[in-house]
1. Let me cross-check E199: its accessible surface, 1.4 Å probe, with only protein heavy atoms counted, in Å² to the nearest 10?
2. Decide, for the stretch 78-157, between rounded, prolate and oblate: order the square roots of the alpha carbon gyration tensor eigenvalues as a ≥ b ≥ c, take rounded if a/c falls under 1.5, and otherwise choose prolate if a/b is larger than b/c, else oblate.
3. Need one word for the stretch 171-326: rounded, prolate or oblate. Basis is the Cα gyration tensor (sqrt eigenvalues a ≥ b ≥ c); a/c below 1.5 gives rounded, then a/b vs b/c decides.
4. For V574, list long-range residues whose amide hydrogen, built 1.01 Å from N in the peptide plane, is under 5 Å from its own amide hydrogen.
5. What FRET efficiency would be calculated for the residue pair W514, F319, taking the C-beta separation as r and a Förster radius of 22 Å, to the nearest 0.05?
6. Quick one: Debye curve from the alpha-carbon atoms of the stretch 88-207 only, equal weights, vacuum; give me log10 I(q)/I(0) at q = 0.11, 0.17 Å⁻¹ to two decimals.
7. Solvent-accessible area of I231, probe 1.4 Å, all protein chains present, reported in Å² to the nearest ten, please.
8. With a point put 7 Å past each Cα toward its Cβ, work out how far A506 is from A591 in nm, to one decimal.
Amino acid sequence: MRTRSAESGTPLSTDPGDPREWCALAARRLAEDRPEDALEAARRAVDHDPGAEHAAGWGYRLASLAFERLGRSAEAVAAAEEAVRLAPGSWAARLRLGAALRHVPGRWRESRAQAARAVRYAPQEPDPHVLAGDLALLRGEHRAAEDAYREALRLLDGHAGARVGLGLALLRWESPRDHHDPAWPVDPRETGRARRALESWARQTRLLLAAALVAAAVTAFGTGLTTWAEIGGGAVLAAVVAITLRQARRVRLWPYVPGMLARDVWLAASVSVTPVALAAYVAAVATLPRAVSRSAAGDLDGAWAVLAGTVLLNGVAVFVLRVLAEAWRGRPVAALAQFAAAGGDRTARRAADVTLWLVAGRAWSVLAAVAVAARITGEPRWAAVAPVVLLAPAWAYGGTRRSRSPRSPQRPQRPGSPRGLRDSHGLYDSRGPHGSRGPHGPRGRRLSGRAHGGDRWLVAAAVTLAAASAALGGSALLAVYGRGRADDLAWWCGAGALAAFAAVFAARSARAWWQGSPGPWRASLIMHDGRGDRLPGDAGPPVGLSGDVRRTFTHAREVVLSCAAPGGPRALAVGAVGAIGPGGELRLIAADDAWEAAERDPRVAVFAADPAERGFWVEVRGIAVGDPEAGVLRVTPEHVTVGEFPGRHQGRARAG
């Protein structure tokens, strides 16, 4: 008789006391993005199996993933550590622990070590490579992140997380905490406080200097009281000192400040321009009398204007420079191709919209440079290149619709492999990669068709760019035919269209800021959260051993360990199988050479024959990890094959 789960009335299992069935239910709840229900099911799995060995830590891995999605990082790490303790050779457990650790401040190095172990244990699986890429991307190591994501896509072309990560790496994306190195053993909230103190000092100081210079200039030029203006301007420096001392007390991590400035170029620019503005302010106040007395001759008008402009417009200059630098950083067209290939993934759609804004920003900056060059040089023919400029964003936008990376052939699934077992628990759609639930299925194609262009502000921006391109191109054409006034009017129309683009961008930014929604800037780019139709690899079930396989290893007279060696594969005799854990872990009593071989390459194969049934043999491929305290090699199974030796009935092999 089938029972129903208490949470939703879904048929559960013929045996509600089976921990693996509770784990399968937890995995389905995670696939449905119901972490609370998944956590409850995982807890029941652990309760029905106190040692968590029948499921080889599967319940703890699922509980850790549910904790992570609920934002409970400390509990996620604790559950993942328990999964590793139960199955130290499980790549899925190492992957889960690495993913959980990356959310804990100061434990990035441990997370990377676990990710490296997962890659070493299962180089044929895409998810460990994706985690390695995510960790590199968080630290700004874009080249290493690219390599990891490309390797993951070579193994599984439809991996949405790898596609989004590769696109971000191509854009040279920086995390929102780009001032903080994840490898630092310090809470990012502390460096965040130091960053805010430095930004507040720079902003308050520059605003105070700008207001003071305006007041001094009005006093000197309007009333002629230049001496009083100079005295008042000098008194403002005391307020600057007070602001500096106040904000300096808030910076408690001075040893990390140089590293923060090196990592965050815009924080460094904001901090560096403040002393420049201060020096310009002092010089401008000191030259006020001379500027007034010699204004008729004009000897110092230009110099004083430069000083005043430095004090008043330094913030605007840094902002404009940042907008242009962010627009021209990375390879947005290549990134758009990756986002489009991710199908209907929501993170990819968001990233594609932001990237299209970056492409539009590039086109605007080129058109603005062309318009300025045509006006300064007095040669309208410079604007002849304007229509060509618009082809680049149009091609990029079209690429997001037509881009479809060729799907690499899917690797055949070995019977008994972790990925092959997932469908047996109902965790994945059995219709395969082209079914309705996959990112490349019909649903994915419908979503990708409207993935871009849903932002009406972006459409309006594209219209203004097209108008600017046409107007500037028209001004060049009219100049060729000697229509002086007409080409001047066309140029002004193009300049107005460029100004309209800036207005659209500002309005879109203000709307996003007011609503708290993603805006048309790089800060709106986010990493993939691992949610979607496909569960991450660390949620998959472990490989168990059947009764026949257990009996074979228990009664075998000789067990052989096959491992890698410098000269090629090597077979080593194992003294005995000390024990077989309920979860299927083999505990081998082996000589030192077997331990050394496992340290070189933990991927091994264990072979045994059943003496009671001559001709029956078993091969277990898995990961060997030494346990010095128990004095055994612990082999976590990944693939089991059983068969018969060739004879009268011919040899045959089957999944174990």
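The values are calculated or read from the model by the stated rules, or taken from the named source; none is laboratory data. Keep in mind that this is a model prediction, so the values were computed, not measured. Note that each Cβ is placed from the backbone with ideal geometry, even for glycine, and that neighbours are counted across all protein chains shown. Calculation scope for accessible area: heavy atoms of the full protein, side chains included, ligands and nucleic acids excluded. Shrake-Rupley method; radii C 1.70, N 1.55, O 1.52, S 1.80 Å.
1. Accessible area of E199: about 50 Å².
2. Oblate, because a/c is 1.5 or more while a/b does not exceed b/c.
3. Verdict is prolate for the stretch 171-326.
4. So V574 has HN proximity to V559, V560, L561.
5. E(calc), rounded to 0.05, equals 0.70.
6. Those come out to -0.42, -0.82, one per q.
7. So the heavy atoms of I231 present about 100 Å² to solvent.
8. Going by the 7 Å Cα→Cβ label model, 8.1 nm.
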